[in-house]
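Take a look at the structure set out below.
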Amino acid sequence: MFELLKQACESASREGCQFADARYLDIRKQRVISRDHALAGCNDSEDCGFGVRVLYKGAWGFASSPDFNAAEVAKVVALAIRIARASANALRDGGVQWAAEPPLKLDYQSDCARDPFSVSLEEKAELLVSANEIMLKNEAIKRAQGYLLFKRIQRWYVNSEGSELHSDVTSSESVIWAIAVGNDDFQERNWQAPSSSRGFDAYDKTEFMLQAERVASQAQEKLSAKLAPEGEFDIVTDSENLSLTIHESVGHATELDRVMGYEVSMAGASFVDRDKKGKFQYGSDQVTLMADNTLQHGLATQGFDDDGVPGQRWEIVKGGIFQTYSTGREFAHYIDEERSRGCCRADHWSSIPIVRIPNLFLMPGKESLSPDDLIADIKHGLYFEGMDSFSIDQWRLNFQFGGNAVWEIKNGRKVGMLKAALYQSRTPTFWNACDATCDESHWQAHGVMNCGKGDPMQIAQMTHGAAPTRFRNISICRGRDS
Ligand SMILES: [Zn+2]
């Protein structure tokens, strides 16, 4: 596999390219879907091909093909060089400034005790349909659904600097959900098994059955939930709910390519301009947000990125102060950093690598605190669990997030479910309102398997995480009431 990729880089170098890399990807995906008492579908695909990226006089050229043979590789390299030469002629500034990186040789394999692609469809169907049966035992539940999603991506990467890298990463995700009908209303409650780069061994049938019973009963309870109050309240978010808020208000906001205007047309820019590096008060002193592409079972952990840079761990926010961005080799110089943070990833052999959010999580608190301790110190507030609708503006600044289940807190206790609750804030206001986060024993990871970015859009995956966390005086408004 490496031989043809090496030839691609060597011929690009002979043609005067300052840098070239080539990657071959074998992408296997399977999604198994259940509805009520039966399987509703199964999509299974395998997709292989290679891409060549060249840097010529500061300009990129990229081309790709599903046919991996010597003649096709030569054709694809020639096309990538033609594109780069044409782009170089149009450059008005000096073009790409490429951060140095020593050559790397690495073979990375994710932990996968049980290969999901060798588990029978019968066993997968049984897991999902049994969970549906449990949910449907509850009379209020009129529909029960679920899916299992598995991905295995094998990547061979070579560059003109002598790097030779291989990774083999299996990841999985599962969601089950119940829809309750009654009381002139319908309500949905779901459980997302934490996505991770693990195999079928990540799933435990007993856990699925327990969660199925819980989500069915909570979907039923949502039917008689009160409408959320409006105004300013203290809130507590669970790990899953806060994971999405971390993703949108910190992860995307601190991608350096977005800050530099490379993503504006697709999904907006960022308020975190370069003047804020090292000094901006992003959050309170309780807030340390760690990026870690070496995290065990992390969805963005793949040994190295598509610039040939190994996975790293660094603080994006430390004790409330913004430290630095997620970068690739093309962007490090904009913030006077000599080395990339290794965040450049391509989602497909036909995609050019772009800066992606790393695994990114809120560090747990040092003080021994449980969710009940956080709630005990609230007179009137809300507890948010799971993800629901959200929106964030083009500067990653003004946002609102809902929860899949929300409880009212009165005099230090959860007293009943609420519906239509949304918390609304500005990124720094929200993170500065954080006054406590639970300790390590309550910390959980949650994955994002469908992060969209780029134009044409690429889909990436990464892990977030947090322990339940409290925020003071947050504005609560109502969204739709069902
Ligand atoms: Zn995203």
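The values are calculated or read from the model by the stated rules, or taken from the named source; none is laboratory data. Quantities reported herein were computed from a predicted structural model and do not represent experimental measurements. Reconstructed Cβ throughout: ideal geometry from the backbone, glycine too, with neighbour counts over all protein chains shown. All accessible areas refer to the heavy atoms of the entire protein, side chains included, with ligands and DNA or RNA removed. Shrake-Rupley method; radii C 1.70, N 1.55, O 1.52, S 1.80 Å.
Numbers below:
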{"read-out": "Candidate set from the range 270-329 (those that are open to solvent by less than 10 Å² (accessible area, probe 1.4 Å), in contact with a strand residue (DSSP E or B) (Cβ under 6 Å, 6 or more places away or on another chain) and among the hydroxyl-bearing types (Ser, Thr, Tyr)); member that is nearest to PHE399 (Cα to Cα)", "value": "TYR282"}
{"read-out": "Evaluation of GLY452 against (1) open to solvent by 10 Å² or more (accessible area, probe 1.4 Å); (2) within 20 Å of LYS379 (Cβ to Cβ); (3) among the small types (Gly, Ala, Ser) (one fails), failing number", "value": "(2)"}
{"read-out": "Some residue of the range 342-356 being buried (at least 19 other Cβ atoms within 10 Å of the Cβ), in contact (Cβ under 8 Å) with a residue 40 or more places away in the chain and polar (S, T, N, Q)", "value": "yes"}
{"read-out": "Sole residue being open to solvent by 40 Å² or more (accessible area, probe 1.4 Å), hydrophobic (A, V, I, L, M, F, W, C) and within 24 Å of the chain's Cα centre (by Cα), chosen from ILE27, ILE33", "value": "ILE33"}
{"read-out": "Hits in the range 63-85 - residues which are among the hydrophobic types (A, V, I, L, M, F, W, C) and either open to solvent by less than 40 Å² (accessible area, probe 1.4 Å) or without any contact (Cβ under 8 Å) to a residue 12 or more places away in the chain (or both)", "value": "ALA63, ALA71, VAL73, VAL76, VAL77, ALA78, ALA80, ILE81, ALA84"}
{"read-out": "Conditions (1) exposed (fewer than 13 other Cβ atoms within 10 Å of the Cβ); (2) over 24 Å from CYS344 (Cα atoms); (3) among the basic types (Lys, Arg); number of the one not met by LYS105", "value": "(2)"}
{"read-out": "Enumeration of residues in the range 109-135 that are assigned to a loop (DSSP other than H, G, I, E, B) and surrounded by 18 or more Cβ atoms within 10 Å (Cβ to Cβ)", "value": "SER110, CYS112, VAL119"}
{"read-out": "Entirely in the range 191-295, the helices (runs of 4 or more DSSP H) that have 2 or more residues that are within 16 Å of the ligand (Cβ to nearest atom) and not acidic (Asp, Glu)", "value": "239-246, 256-259, 264-267"}
{"read-out": "Tally of residues being open to solvent by less than 60 Å² (accessible area, probe 1.4 Å) and either hydrophobic (A, V, I, L, M, F, W, C) or over 14 Å from LEU242 (Cα atoms) (or both) across the range 377-390", "value": "5"}
{"read-out": "Qualifying position, being open to solvent by less than 40 Å² (accessible area, probe 1.4 Å), part of a strand (DSSP E or B), within 28 Å of GLU3 (Cα to Cα) and small (Gly, Ala, Ser), among SER174, SER167", "value": "SER167"}
